[in-house]
Amino acid sequence: MPFLSIIIPAYNEEDRLPNTLEQAFSFIQDQSYSAEVLVVENGSRDRTFEVAQSFTGQYSSLRVFQEAGRGKGLAVKRGMLEAYGEYRFMCDADLSMPITEISRFLPPALDNKDIVIASREAPGAIRYNEPHYRHWGGRVVNIMIRLLVLPGLQDTQCGFKCFRHEAAADLFGSMTLAGLSFDVEILYLARLRGWGITEVPIPWYYDPESKVRPLQDSFKMFRDILQVRRNQRNGLYAR
């Protein structure tokens with residue numbers, strides 16, 4: 001069992017993925033522990049899968065998967081359940097959080113934490129180059145999430161989260177949402193089942209090539225939150 005698994009969901013990432021992988025393995029090579037990287041491609045219209053596969057000869061601890069279903073949630077779920085790591089870290093391909101920050105999510109920096117999530121809003125976090133409309137749009141979404149399902153968490157949607165392997169197996173084996181709202185469902189389910197959640201402030205760099213669509217995705221987020229509440233009422237989240 002490697003100490004760390006880095007899981008990278010990849011949709012139309014043929015241009016950014018080579019640099020991302022080089023940074024990930026440069027980080028791993030500087031660590032004293034064993035680690036692996038999993039790339040999960042799903043539904044790309046470009047050569048993301050082929051580009052990822054081309055690196056497997058260079059990096060023996062790289063594994064590449066192709067998930068038939070569309071949606072970031074499905075890609076992360078596949079990676080979490082395929083991973084072998086004691087700690088399993090989901091990582092956006094744009095590396096809007098520097099890869100070196102991963103150490104702050106793991107022992108010895110944080111010991112015995114079930115789930116550690118990156119926060120762009122916790123005290124000490126810094127946002128770089130983000131347009132004001134994106135920032136305040138994100139805060140509106142977060143207020144909705146806190147009011148309806150996850151009170152107290154300042155940033156549920158940042159794409160960098162770490163799960164201890166027991167928590168990952170329990171939660172991702174039970175998730176139902178395939179798209180961007182999967183974070184909300186996973187964290188809601190974690191609270192229902194008693195897994196601890198810790199927020200870590202991070203430096204975060206806005207990427208103008210972000211695939212998030214503020215209006216469409218916010219509306220879908222609201223519908224998915226209502227679905228999460230229905231799932232709970234209907235007993236879908238029972239162990």
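Please treat every number below as a calculation from the coordinates, not as lab data. If you're wondering where the values come from, they're calculated on a predicted model, not measured in any experiment. Here Cβ is always computed from backbone atoms with ideal geometry, including for glycine, and neighbour counts include all displayed protein chains.
Based on this model, can you work out whether M97 counts as more than 24 Å from D207 (Cα to Cα), of a type outside the set (D, E, K, R) and under 16 Å from the mean Cα position of the chain (by Cα)?
Judged against the criteria, M97 is not a match.
If you take the residues of the range 141-174 that are crowded, with 18+ Cβ neighbours inside 10 Å and among the aliphatic types (A, V, I, L, M), which of them is nearest to the chain's Cα centre (by Cα)?
Taking the candidates together, the pick is A168.
Checking A35 against (1) touching a Leu at 6+ places or on another chain (Cβ under 7 Å); (2) surrounded by fewer than 21 Cβ atoms within 10 Å (Cβ to Cβ); (3) aliphatic (A, V, I, L, M); (4) within 16 Å of G159 (Cα to Cα): exactly one of these is not met. Which one?
Failing condition for A35: (4).
Please indicate, with yes or no, whether at least one residue in the range 141-160 is out of contact with any helix residue (DSSP H, G or I) (no Cβ under 7 Å at 6 or more places or on another chain), in a strand (DSSP E or B) and over 23 Å from Y11 (Cα atoms).
No, the conditions are met nowhere in the range 141-160.
Using the structure shown, decide if Y87 is of a type in the set (F, W, Y), touching a Leu at 6+ places or on another chain (Cβ under 7 Å) and surrounded by 22 or more Cβ atoms within 10 Å (Cβ to Cβ).
Taking the combined requirement at face value, the residue satisfies it.
Return the residues of the range 24-77 that are among the acidic types (D, E) and under 17 Å from E14 (Cα atoms); say none if nothing qualifies.
Passing the criteria: E41, D46, E50, E67.
Failed condition for G43, given (1) surrounded by fewer than 19 Cβ atoms within 10 Å (Cβ to Cβ); (2) touching a residue at least 60 places away in the same chain (Cβ under 8 Å); (3) small (G, A, S), with all others met?
Going through the list (1) surrounded by fewer than 19 Cβ atoms within 10 Å (Cβ to Cβ); (2) touching a residue at least 60 places away in the same chain (Cβ under 8 Å); (3) small (G, A, S), G43 breaks only (2).
Check whether at least one residue in the range 87-96 is hydroxyl-bearing (S, T, Y), touching a residue at least 40 places away in the same chain (Cβ under 8 Å), over 23 Å from G173 (Cα atoms) and touching a helix residue (DSSP H, G or I) at 6+ places or on another chain (Cβ under 8 Å), and report yes or no.
No, the range 87-96 has no match at all.
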